[in-house]
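Accompanying notes for the structure given below.
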Amino acid sequence: MNRTILDLWVGFFVAIGIVALLFLALKVGNLSSSNFAETYVLQAKFDNIGGLKVRGPVKSAGVVVGRVANIHFDPATYEAVVTMNLDTRYRFPKDTFASILTSGLLGEQYIGLDVGGDEKMLKAGDSIAKTQSAVVLEKLISQFLFNKASETPANK
Amino acid sequence: MPKLRELLVALGSRVTDRIWRLGFAARFLCMILVYSGQTFLRPQLLFREIWFSGVLSLIIIMVSGLFVGLVLGLQGYDTLQRYGSSEALGVLVALSLVRELGPVVAGLLFASRAGSAVTAEIGLMKATEQLKAMDMMAVNPMARVVAPRFWGGVIAMPLLAALFSMMGVFGGYLIGVVFIGVDEGAFWSQMQSSVDFREDVLNGIIKSFVFGIAVSLIAVFEGYDSIPTAEGVSRAITRTVVTSALAILALDFVLTSFMFRSL
Amino acid sequence: MPADNLVKISDLNFSYENRSILNGINMEFPRGKVVAIMGGSGCGKTTLLRLIGGQLRPSSGTVTVNGRVVHEMGHDELYGMRRRMGMLFQFGALFTDISVYDNVAFQIREHTDLSEELIHDLVMMKLNAVGLRGAHTLMPNELSGGMARRVALARAIALDPMLMMYDEPFTGLDPLSLGVIGQLIRKLNDALGATSLMVTHDIQESMLIVDYIYFMAEGRVVAQGTPDELRATKDPFVHQFLYAEADGPVPFHYPAGDYSADLLRVPARA
């Protein structure tokens, strides 16, 4: 009698513990949505990646289609080389345009893929040729001020 | 001058005493591992200890988790809405719980609730000669008493930490979505897109597992090593709670610097 | 005849942290007898029991149980030997988290694969032998000191040991319980065909039930003999002990320096 009640409680405890772990994995973490079953690798070179992080999302038309796998600096070209893992379900044309974008004004940065019209598709290991670097706020502001400064005399 | 020498001698003997105890604790862990086989062959013994360390800590862990989540919800909302990003509340609550607060606070509560109880139990068994009696009955106290309590704690701790985090997220949800009115969809979807399973959740579980090993080892060791008197046992209980707290915080720093060092 | 001795102790020395506790002990415990080891508190009696049980290692000399030297045994053999030993601890040392029934059943469950029905019968028999069959559902904290001692006795005899060891079985008991325990020790010894070894300082009670007595003081055997021989002896130590005189060969004072010097010395710190 005593033992079965004890077993019941232990069973209950272990069960809700596992439920909590599953909750953390599925509902809180993104185990269900982010871990693609099979992926292929693409590379892209950027002049400036801004605040892009490893495991940051790769989106096309706003849908997450992959994750950033690795970022490293290429000492030969002085460019950042970003390796991405993309879901094998999604194929992109050769002339796809990769740009580093920001979600919201101060949100996280991600890679956006804008699809081109080429009929040939990118294969695993290929590099995306056309890229646009991250917008660096300081550059943007200084450019803006510079433009303003050059405009002002003309207006007078 | 002789005062200084006395001081140095006292300091030296304290340090050597600590090192001696550390060595003994390491040997003790090896002995537990050697005698663990019997523990897993008799799950009934293990179940009793999971009940003792886990089930009996359920209420305190779940209630504390809920309150920590509620506070995180309030504080987080207050700070985030200044920057107009109150939808990120879910991210804030979930990340702080899963990465840090869940394992650490659950570990501290576990040490004071279950760890102290284990130390007291083993210490009193030693003080009343129950361990010696068991040894004389050809039943090894390491295998029969110490190892099951150790493994019971090691198994219970990650589950308790997960429960703590879950209750905390629920508390944050309660404050953020139900009371304040943050958009429910944004709350969950931002959380899911920012909390990574391997990077955050799994590392949190690893942390709680390591804390479970540390606290359980400290608890059984202090109990087994206690001076078999009323005062000795009460000191051992105090040491369990203090040492566990220090060990958890120090290990947390070490583990965090390993796990989240990458960009 | 050495074959007749279940336990034999030869030239046993034991010291702990450079403090000598036992010095050149020689004792023999014949099969089937109840032997008492007596002496003042702190004369090393309990240490002797732990040496026989193999919980301590002698500094030199040997303890032989059933023809085997205890400290030469490996772990398994030692545990095998302990299964055939029963030990009654000073305050019973019952497992406080389980009932009287489970306490007595503990060793049977740990060491045998008997069915629960059989264990039930065995436990009831053992409890009946100590007169506490009716108390099997109680928890140890519900027992009086004397009852706890009897339950511990039932637990110690659970596996019908060949050697019973009693560590101060009479301490803290009222005269009635004391007589009950004394009689139980004798009866159980004869019924089980065991050999009993009793460490005690209760002279009067043990004189009634034992076959042979060793007197110890400061880690040595100072006198020995049957109860009748000892009553007749002129030995001043035995005399002091038997008649409970405060001072004699066993000094009242713990060894100390000069009394007046101690009184005059100012303590280093209040």
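The values are calculated or read from the model by the stated rules, or taken from the named source; none is laboratory data. Not measured: the values here are computed from a predicted model. Quick reminder, even Gly has a Cβ in these numbers, built from the backbone with ideal geometry, and neighbours come from all protein chains shown. Remember, those area values only see protein heavy atoms, side chains included, never the ligands or the DNA or RNA. Shrake-Rupley method; radii C 1.70, N 1.55, O 1.52, S 1.80 Å.
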Solvent exposure of chain C as accessible area per residue, Å², 1.4 Å probe: 50 Å²
Interface B:C - total buried accessible surface [probe 1.4 Å, Å², rounded to 100]: 1800 Å²
Threshold 50 Å², region B:135-157 residues less accessible with all protein chains present than alone (1.4 Å probe): B:135, B:136, B:137, B:138
Inter-centroid distance (Cα atoms) of region C:21-60 relative to region B:1-67, Å: 35 Å
Inter-centroid distance (Cα atoms) of region C:171-225 relative to region B:154-222, Å: 62 Å
Rounded percent of accessible protein surface that carbon and sulfur make up, chain C, 1.4 Å probe: 53 percent
Fraction of accessible area attributable to carbon and sulfur, region B:35-259 (%, probe 1.4 Å): 70 percent
Sum of side-chain charges, residue B:208 neighbourhood, beta-carbon under 12 Å (Lys, Arg +1; Asp, Glu -1): 0
Most fluctuating residue given options B:240, B:79, B:39, as computed from a GNM of chain B linking Cα atoms under 10 Å: B:79
Relative contact order (%) - chain B, alpha-carbon pairs under 8 angstrom, separation at least six: 31 percent
Where B:149, B:113, B:5 fall by accessible area, highest first, once all protein chains stay in place (1.4 Å): B:5, B:113, B:149
Residue pairs, from the table A:27/A:123; A:45/A:94; A:53/A:130, whose Cα atoms sit over 26 Å apart: A:27/A:123
Drop in accessible area of at least 40 Å² in the complex versus isolated chain, residues of region C:33-60, 1.4 Å probe: C:55
Accessible area per residue, Å², region B:117-161 with all protein chains present, probe 1.4 Å: 19 Å²
Å² per residue, accessible surface of chain A at 1.4 Å: 61 Å²
Rel. contact order, % - alpha carbon contacts under 8 angstrom, at least six apart, chain A: 23 percent
Interface B:A - total buried accessible surface [probe 1.4 Å, Å², rounded to 100]: 2600 Å²
Region B:37-95: chymotrypsin sites (Phe, Trp or Tyr not before Pro) in DSSP coil with no more than 12 other Cβ atoms inside 10 Å: B:83
